[in-house]
Structures are given as structure tokens and as C-alpha cells.
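Student: Take a look at the following structure, please.
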Amino acid sequence: MEKEYFAHETAIIDQGCNIGKGTKVWHFSHIMSNSVLGENCNIGQNVVISPEVVLGKNVKIQNNVSIYTGVTCGDDVFLGPSCVFTNVTNPRSAVNRRGEYSKTHVGKGASIGANATIVCGHDIGEFAFIGAGAVVTKNIPAFALVVGNPSKQIGWMSEYGHRLNFDQSGKATCPESGQVYELKTGVVTRIS
């Protein structure tokens, strides 16, 4: 049976991977054993996807990204150039901590900017936006905009990636989609 995905001739795909229809794996990338990549993903150049990583549908990974065991990504996640995940909080070369990997989940539609670092054990909420170079050291709520090292929240983003400006009633409208959002007790939800 012919494969339903594209892999560049320099890509390495280990045994036991499940790669969805329409996915593209580009130059010098390594997809390690038992990884699951959803349909229509785009894996850039020089990307490492470690064993048992799970990616949803339509995940876009830019060049030079490392995704380690313990990471899962929902559908429509964007991972910017050279961003990196960790999976051990206290690594030592002489101490084997395999089997102690902390888990990290990146929610549907979230974007992680270039050169950002996601310290393991911290989840990224749906449609959150992690700025370039940010270092995430805690859980990030859905729709949050965070920047800096360590990262701090400076606002909220729409599903289309626009900054939301909430009025006195706690409502905001995305200028591109017209979707309306509500901010109530520190939680943003889309209401239309």
C-alpha cells in the first residue's frame, strides 16, 4: 500500500509511527518510534519528534523545533521556528530519568512563537498565544497572550490571532472574524 503522506528523502521516519493523510515531513527531520501525526500536518526542516509524541490535525511545525516525549498537541497548533519543549524538570547527564517525563499539552489552535521554551509539566490552553522568546513556567489559560522570561500574561487573543480589547461589560469582538468573546472572572469564552 502506498503511503498517503509526503516525506522528503532526507527525513527519517522510525518504525511504528502513524502519520496522517496529507502530512508533509521536510528535509532532515526525524520522526521517532510510536509518534502519531494527524492529517495535513506540516513538519518543517530539521524537526525532531520524539517517541510517543501525539500531534492533532493540521499542526504546523516550523524549522528547528524539538518536541520531546510527553508532549501532545491538539488540532491546528502552530509551533514557531526553533521553539523547544522540555520533558524533565531536573536533568542530569549522569542520572537516567526516562520514565519520569512530565507531560505537556498544547490546546487546539494555540500558537507558540519563535525561540520560545515550554518548561515541561505546564499546559497551554486553547488558542493561547506564546510570544517569541517566551519561557513558559506555568499553565497558560485559553486565549491568553504571554511574553517574556519568565512569561507573563499581557492580554487576550481571539481564535484568529488578534488582540482582544474588552469593554466595561466584559465583551470584545475580533476585528477579522466578528466573533464575540466574554471575559468573566479571568476566563475568556467565545460567545458567538
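Student: Would you mind stating whether GLN62 is closer than 30 Å to GLY161 by Cα, touching a His at 6+ places or on another chain (Cβ under 7 Å), assigned by TED's automatic domain parsing to the domain that holds GLY109 and not β-branched (Val, Ile, Thr)? Step through it out loud before you land on a result.
Tutor: Details: closer than 30 Å to GLY161 by Cα: yes; touching a His at 6+ places or on another chain (Cβ under 7 Å): no; assigned by TED's automatic domain parsing to the domain that holds GLY109: yes; not β-branched (Val, Ile, Thr): yes.
No; evaluated as a whole, the condition is false for this residue.
Student: Tell me which residues, restricted to the range 41-67, are more than 17 Å from GLY80 (Cα to Cα) and not charged (D, E, K, R).
Tutor: Selection gives SER50, PRO51, VAL53, VAL54.
Student: While we're on this one: Consider the range 1-40. How many of its residues are of a type in the set (A, V, I, L, M), touching a strand residue (DSSP E or B) at 6+ places or on another chain (Cβ under 7 Å) and more than 25 Å from ASN87 (Cα to Cα)?
Tutor: Start the filter on the range 1-40 by keeping residues that are of a type in the set (A, V, I, L, M), which leaves 1, 7, 11-13, 19, 25, 31-32, 36-37.
Still in the list and also touching a strand residue (DSSP E or B) at 6+ places or on another chain (Cβ under 7 Å): 7, 11-13, 19, 25, 31-32, 36-37.
Retained after the next criterion (residues that are more than 25 Å from ASN87 (Cα to Cα)): 7.
The number of residues fulfilling the criteria is 1.
Residue by residue, here is whether (1) without any contact (Cβ under 8 Å) to a residue 40 or more places away in the chain; (2) more than 20 Å from VAL47 (Cα to Cα) holds:
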site	(1), (2)
LYS103	yes, no
ALA114	no, no
THR117	yes, no
GLY121	yes, yes
GLY125	yes, yes
ALA132	no, no
VAL136	yes, yes
ILE140	yes, yes
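Student: So the check is Cβ under 6 Å with 6+ separation or different chains; which pairs have a first residue in the range 26-52 that's at positive phi and assigned by TED's automatic domain parsing to the domain that holds GLU9 and a second one that's outside any loop (DSSP other than H, G, I, E, B) and among the polar types (S, T, N, Q)?
Tutor: Going by the 6 Å Cβ cut-off, there are no qualifying pairs.
Student: Out of all the residues in the range 20-67, which are buried (at least 22 other Cβ atoms within 10 Å of the Cβ) and under 20 Å from ALA116 (Cα atoms)?
Tutor: SER29, ILE43, VAL47, ILE49, VAL53, LEU55, VAL59, ILE61, VAL65, ILE67, listed by residue number.
Student: From GLY99, GLY109, which residue is small (Gly, Ala, Ser), part of a loop (DSSP other than H, G, I, E, B) and surrounded by fewer than 13 Cβ atoms within 10 Å (Cβ to Cβ)?
Tutor: Working: GLY109 fails: surrounded by fewer than 13 Cβ atoms within 10 Å (Cβ to Cβ).
From the options GLY99, GLY109, the qualifying one is GLY99.
Student: Examine the range 112-123 for a residue that is out of contact with any His (no Cβ under 6 Å at 6 or more places or on another chain) and at pLDDT below 95, and state whether such a residue exists. Write out each step before concluding.
Tutor: Step one: filter the range 112-123 for residues out of contact with any His (no Cβ under 6 Å at 6 or more places or on another chain), giving 112-122.
Add one more test, that the residue is at pLDDT below 95, and what stays is none.
No: the range 112-123 contains no residue that is out of contact with any His (no Cβ under 6 Å at 6 or more places or on another chain) and at pLDDT below 95.
Student: Only one residue in GLY178, GLY161 is of a type in the set (Gly, Ala, Ser), over 24 Å from THR89 (Cβ atoms) and either in the same structural domain as ASN63 (by TED's automatic domain parsing) or within 16 Å of the chain's Cα centre (by Cα) (or both). Which one? Please lay out each step first, then the result.
Tutor: Working: GLY178 fails: either in the same structural domain as ASN63 (by TED's automatic domain parsing) or within 16 Å of the chain's Cα centre (by Cα) (or both).
GLY161 is the lone residue from the list that is of a type in the set (Gly, Ala, Ser), over 24 Å from THR89 (Cβ atoms) and either in the same structural domain as ASN63 (by TED's automatic domain parsing) or within 16 Å of the chain's Cα centre (by Cα) (or both).
Student: Enumerate the strands (runs of 3 or more DSSP E) found wholly within the range 114-192, keeping only those where 1 or more residues are under 26 Å from ASN64 (Cβ atoms). Before the answer, list the steps.
Tutor: Values: elements: 144-147, 152-156, 171-173, 180-184, 187-190.
Hits in the range 114-192: 144-147, 152-156.
Student: Test CYS73 against the criterion of being closer than 17 Å to ILE19 by Cα and either more than 9 Å from the chain's Cα centre (by Cα) or hydrophobic (A, V, I, L, M, F, W, C) (or both), and give yes or no.
Tutor: Numbers: closer than 17 Å to ILE19 by Cα: yes; either more than 9 Å from the chain's Cα centre (by Cα) or hydrophobic (A, V, I, L, M, F, W, C) (or both): yes.
Criteria met by CYS73.
The values are calculated or read from the model by the stated rules, or taken from the named source; none is laboratory data. Keep in mind that what you see is a predicted model, and the values were worked out from it rather than measured. Note that each Cβ is placed from the backbone with ideal geometry, even for glycine, and that neighbours are counted across all protein chains shown.
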